[in-house]
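First up is the structure itself, then whatever we jot down about it.
The values are calculated or read from the model by the stated rules, or taken from the named source; none is laboratory data. Keep in mind the model is a prediction, meaning the values are calculated, not measured. Cβ coordinates were reconstructed from backbone atoms using ideal geometry, including for glycine residues, and neighbour counts include every protein chain displayed. Heavy atoms of the whole protein, side chains included, go into the accessibility calculation; ligands, DNA and RNA do not. Shrake-Rupley method; radii C 1.70, N 1.55, O 1.52, S 1.80 Å.
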Amino acid sequence: LPKSVPDYSPKSIYKFASRGIPSYHGKMAMLVEDLEFWHQKKYSVILFAGSDSRAHSLVSHLYDRGIEAVFSPNLEGGIPQGQILVVPTSISAGFEYPEARFALISDQEIYGVGKGKKQGPAPSMKKSKLDPFTDLKVGDYVVHETHGIGKYLGIETLVVNDQKRDYLNIKYGGTDRLYIPTDQVDIIQPYIGVDDKPPRLSKLGGSEWQKIKSRARKSVQKLAMDLVELYAAREASQGYQFSPDTPWQDQFEDMFPYEETPDQTRAIKDIKRDMESSRVMDRLLCGDVGYGKTEVAIRAAFKAVMDGKQVALLAPTTILAQQHFNTFASRFQDFPIKVQVISRFRTPAQQRDILKALKQGNVDIIIGTHRLLSKDVIFKDLGLLIVDEEQRFGVGHKESIKDLKKDLDVLTLTATPIPRTLHMSLIGIRDISTIETPPEDRLPVQTYVVEYNDALIRDAIIREVQRGGQVYFVYNRVRSMESMAERLRKLVPEIKIRMGHGQMSESVLEKVMLDFYDKKFDVLLCSTIIESGLDIPNVNTIIVYDADHYGLSQLYQLRGRVGRSNRMAYAYLTYRRDKILSEVAEKRLRTIKEFTEFGSGFKIAMRDLEIRGAGNILGPQQHGHMAAVGYELYCKLLDESIRKLQGEEPEKPIEVTIDIKVNGYIEDDYIPLEGQKIEIYKKIAAIENLQDKYDIEEELEDRFGDIPESVANLVDIAYIKALAGRFGIVEAFHKDKELILRLSRTKPLDSRHLMIILNENRNKLIYDGSRLPMLRMILDNSNPSTALIAAKDILEQLQALQEDG
């Protein structure tokens with residue numbers, strides 16, 4: 001390619017600025033025009049398409065228009081003279097070099113916006129399982145399934161039966177203490193309650209905890225029965241079976257200007273599979289605002305319209321309905337699909353015309369609030385209902401939605417996070433898709449916890465407005481909001497400021513919010529009404545006054561109002577000058593500042609956010625029972641009840657005891673921070689196979705250096721426990737020059753495998769079935785390390801036999 005690139009020829013598709021921004025089809029017509037011109041001049045042309053699917057689609061579209069182009073996965077081997085190549089990668093801008101008869105066209109210039117790189121894989125379920133404990137701190141509440149709710153006091157190293165081990169010290173009611181070996185760290189879970197109010201500690205050995213658990217179990221059994229009946233009824237109902245994707249669907253999806261995240265791709269596949277089956281779809285799509293739920297819903301709507309069906313989208317507020325209308329209208333502008341919105345912003349005459357067209361089938365997609373549930377709204381052939389944030393509708397509206405749902409495919413969107421444990425409990429009962437991966441160019445919000453300072457606030461507002469952005473100023477005292485507005489106007493007289501709060505009439509508040517959305521003013525001074533509402537990508541600074549008065553999940557939600565574009569966003573959590581913060585408020589603010597990365601919602605909002613998420617899906621009546629036993633145990637009880645009703649008798653895990661007197665603990669010299677110790681103990685306890693063992697060993701060496709013997713023993717013990725449980729071995733016991741493996745009566749060893757293993761280790765391994773079935777291994781010496789190696793060796797032999805069949 002030439003070293004210097006001359007100014008681009010006016011005969012180019014890149015000069016959109018002078019031509020006005022064309023639609024996709026307009027751009028394609030201009031591209032064909034330019035390619036024909038270049039072909040006559042015997043140019044070599046490279047078209048960058050951004051992805052494989054786009055590249056193949058572009059080759060096909062050009063062929064239909066009489067242009068011969070060739071797909072090329074890369075540019076190795078150069079480009080023949082007069083050839084048009086289409087490559088599946090991205091580039092920011094193109095150019096024409098007339099002297100060399102060469103043109104290069106970027107995907108941004110063809111499609112409007114370039115597709116980004118593909119996301120990495122979604123976070124694994126296993127990692128999610130470990131996350132809650134990585135932040136266990138001294139003073140946190142935990143739940144033990146047998147003993148109840150206690151308070152974690154830290155790790156203590158004790159010598160018991162000549163073995164040096166680390167134990168979790170848990171305080172219970174009165175002076176009761178429970179020491180849990182760190183290799184059993186997975187039998188306790190963090191207590192997640194309804195609010196900041198601390199739970200009552202259980203008494204060790206009493207019957208009170210068993211009664212509480214029994215009440216929760218009864219509640220869960222009734223809930224499970226309702227869920228299973230609902231699922232059975234849905235399975236039996238017959239719905240409309242949509243056709244497979246059309247070529248138009250592929251073309252429409254190729255026009256999406258961003259690279260889909262893996263979670264989005266999975267959700268789209270799930271929804272299409274549901275729609276193409278004869279069963280009525282009722283799928284819940286969860287994901288934070290800005291994570292791409294709307295695009296998934298748009299593709300489902302397009303699929304429905306391609307089969308001649310109408311689509312209704314129900315939003316909880318007029319502003320959100322308007323926002324959805326703008327998004328849908330923009331995406332469908334190049335296709336003969338009629339999108340309308342019905343709301344208070346339409347005159348009565350306009351509403352009558354829209355409803356008439358809807359009844360006649362001349363409106364394909366209708367978007368609106370609960371107005372869509374009115375009796376005068378009649379569809380010609382409704383095929384898909386999309387409900388945004390159903391939990392924000394009133395009881396009466398929810399009943400109307402339920403009536404509408406009966407024989408209709410339904411997609412429900414929610415920004416409430418679904419924690420892993422609840423998600424796993426509901427698999428097979430509720431169809432749930434989650435989008436947990438943020439868009440690639442999303443940046444974490446820069447969070448500052450500071451004393452309120454006029455100079456700082458002025459600087460923050462001015463800086464945001466000067467870069468073309470807008471600001472939320474959260475002030476939750478409606479009575480004195482006017483005086484705060486005056487104070488801000490004096491502080492930044494050059495900035496336009498307006499107020500918004502829940503005591504305004506709905507129409508006035510909506511007008512304020514729409515004006516803010518349309519950038520008619522710069523700063524919205526508001527109450528917490530913005531906590532879960534409009535998505536305005538242009539607002540990238542939020543200032544919270546008296547932040548110490550808010551709950552943790554509330555601060556998390558407020559901060560989530562900004563950072564919804566690819567620009568850096570800022571959150572200023574302020575408290576009054578010289579104010580002495582309470583211990584709880586200080587801890588809360590420190591936590592929100594500490595966790596700014598994506599996915600930290602689980603850690604930050606472990607109490608309220610999790611419980612609220614469960615309440616939205618399971619119903620608010622379950623709150624009391626969840627609070628009584630803790631969220632994790634509640635989900636486990638629910639999972640057991642559902643499996644039992646479905647005829648699956650849950651297999652009780654075999655409790656394995658390893659009594660080999662080796663030291664197994666993490667020295668302070670190796671991992672000094674207790675939080676990191678807990679994290680590593682949890683990962684070691686989760687070892688299930690040889691690959692897990694290798695992974696944790698590699699991580700330990702990478703993060704902390706060479707593994708000490710005491711830590712290596714810990715890893716080996718966890719690995720031996722995992723294998724032993726698989727083969728029904730309940731105890732590995734070392735005494736003198738003998739290793740004894742005691743076998744379970746309920747899960748006997750495969751007799752053929754037993755004979756082979758005895759034969760391979762004859763004169764060393766003896767089967768004793770006289771009283772309790774056991775394997776006795778004769779050792780070369782009485783060293784406990786020898787017994788540990790022998791136990792691992794025998795179990796790995798059994799594993800190999802099982803894998804060979």
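The set of residues in segment 160-175 being open to solvent by 40 Å² or more (accessible area, probe 1.4 Å), on the phi < 0 side of the Ramachandran plot and charged (D, E, K, R) consists of LYS164, LYS171. Does LYS293 satisfy the condition of being touching a Lys or Arg at 6+ places or on another chain (Cβ under 9 Å), under 18 Å from HIS324 (Cβ atoms) and at pLDDT 85 or above? The answer is no for LYS293. Considering each residue of segment 590-606 in turn, none proves to be assigned to a helix (DSSP H, G or I), at pLDDT 80 or above and open to solvent by less than 30 Å² (accessible area, probe 1.4 Å).
Would it be correct to say that GLN322 is of a type outside the set (Gly, Ala, Ser) and more than 27 Å from GLU510 (Cα to Cα)? Please lay out each step first, then the result.
Numbers: of a type outside the set (Gly, Ala, Ser): yes; more than 27 Å from GLU510 (Cα to Cα): no.
Against the criterion (of a type outside the set (Gly, Ala, Ser) and more than 27 Å from GLU510 (Cα to Cα)), GLN322 does not qualify.
ALA790 falls short on exactly one of the conditions (1) hydrophobic (A, V, I, L, M, F, W, C); (2) without any contact (Cβ under 8 Å) to a residue 40 or more places away in the chain; (3) crowded, with 16+ Cβ neighbours inside 10 Å; (4) out of contact with any Lys or Arg (no Cβ under 8 Å at 6 or more places or on another chain), and that condition is (2). ASN713 fulfils the conditions (1) open to solvent by less than 40 Å² (accessible area, probe 1.4 Å); (2) touching a strand residue (DSSP E or B) at 6+ places or on another chain (Cβ under 6 Å); (3) under 25 Å from GLN802 (Cα atoms) except for a single criterion, (3).
Taking segment 42-101 as the search range and keeping residues that are open to solvent by less than 40 Å² (accessible area, probe 1.4 Å) and of a type in the set (D, E, K, R), which one is farthest from ASP254 (Cα to Cα)? Here the answer is GLU96.
Scanning segment 262-286 for residues that are within 16 Å of LEU413 (Cβ to Cβ) and outside any strand (DSSP E or B) yields ASP263, GLN264, ARG266, ALA267, ILE268, ASP270, ILE271, ASP274, MET275, MET281. Suppose the filter is small (Gly, Ala, Ser) and either touching a Leu at 6+ places or on another chain (Cβ under 9 Å) or at pLDDT 85 or above (or both); does ALA232 pass it? Answer is no for this residue. Among residues of segment 510-533 that are at pLDDT 90 or above, those with a beta-carbon under 6 Å from a residue that is open to solvent by less than 10 Å² (accessible area, probe 1.4 Å) and among the aliphatic types (A, V, I, L, M) at least six positions away or on a different chain give the pairs PHE516/LEU524; VAL523/VAL471; LEU525/ALA485. With respect to ASP270, is the statement that it is of a type in the set (Asp, Glu), open to solvent by 60 Å² or more (accessible area, probe 1.4 Å), touching a residue at least 40 places away in the same chain (Cβ under 8 Å) and closer than 21 Å to VAL305 by Cβ true? No.
Could you list, in sequence order, the residues of segment 321-363 that are among the hydrophobic types (A, V, I, L, M, F, W, C), within 22 Å of ASP515 (Cα to Cα) and open to solvent by 20 Å² or more (accessible area, probe 1.4 Å)?
Kept after step one, since they are among the hydrophobic types (A, V, I, L, M, F, W, C), are these residues of segment 321-363: 321, 325, 328-329, 332, 335, 337, 339, 341-342, 345, 349, 354-355, 357-358, 363.
Filter once more, so that each one left must be within 22 Å of ASP515 (Cα to Cα): 321, 325, 328-329, 341-342, 345.
Correct list: PHE325, ALA329, PHE345.
Taking the conditions (1) in contact (Cβ under 8 Å) with a residue 12 or more places away in the chain; (2) under 43 Å from the mean Cα position of the chain (by Cα) in turn, TYR63 satisfies each one other than (1). Taken over segment 533-569, the criterion of being closer than 20 Å to ASP459 by Cβ and open to solvent by 50 Å² or more (accessible area, probe 1.4 Å) is satisfied by ARG567, MET568. Given the condition of a type in the set (Gly, Ala, Ser), open to solvent by 30 Å² or more (accessible area, probe 1.4 Å), in a loop (DSSP other than H, G, I, E, B) and touching a residue at least 40 places away in the same chain (Cβ under 8 Å), answer yes or no: does some residue in segment 228-250 qualify? Checking segment 228-250: at least one residue is of a type in the set (Gly, Ala, Ser), open to solvent by 30 Å² or more (accessible area, probe 1.4 Å), in a loop (DSSP other than H, G, I, E, B) and touching a residue at least 40 places away in the same chain (Cβ under 8 Å). Taken residue by residue, segment 761-782 has no member that is in a helix (DSSP H, G or I) and open to solvent by 40 Å² or more (accessible area, probe 1.4 Å). Residues in segment 535-572 that are among the acidic types (Asp, Glu) and closer than 20 Å to THR327 by Cβ: ASP535 only.
Within segment 176-225, take every residue that is aliphatic (A, V, I, L, M) and over 29 Å from the mean Cα position of the chain (by Cα) and give me the one that is least open to solvent (accessible area, probe 1.4 Å).
Within segment 176-225, the subset aliphatic (A, V, I, L, M) is 178, 180, 185, 187-188, 192, 194, 201, 204, 212, 216, 220, 223-225.
Next, only the ones that are over 29 Å from the mean Cα position of the chain (by Cα) stay: 178, 180, 201, 204, 212.
Values: LEU178: 34, ILE180: 5, LEU201: 44, LEU204: 49, ILE212: 39 Å².
The qualifying residue least open to solvent (accessible area, probe 1.4 Å) is ILE180.
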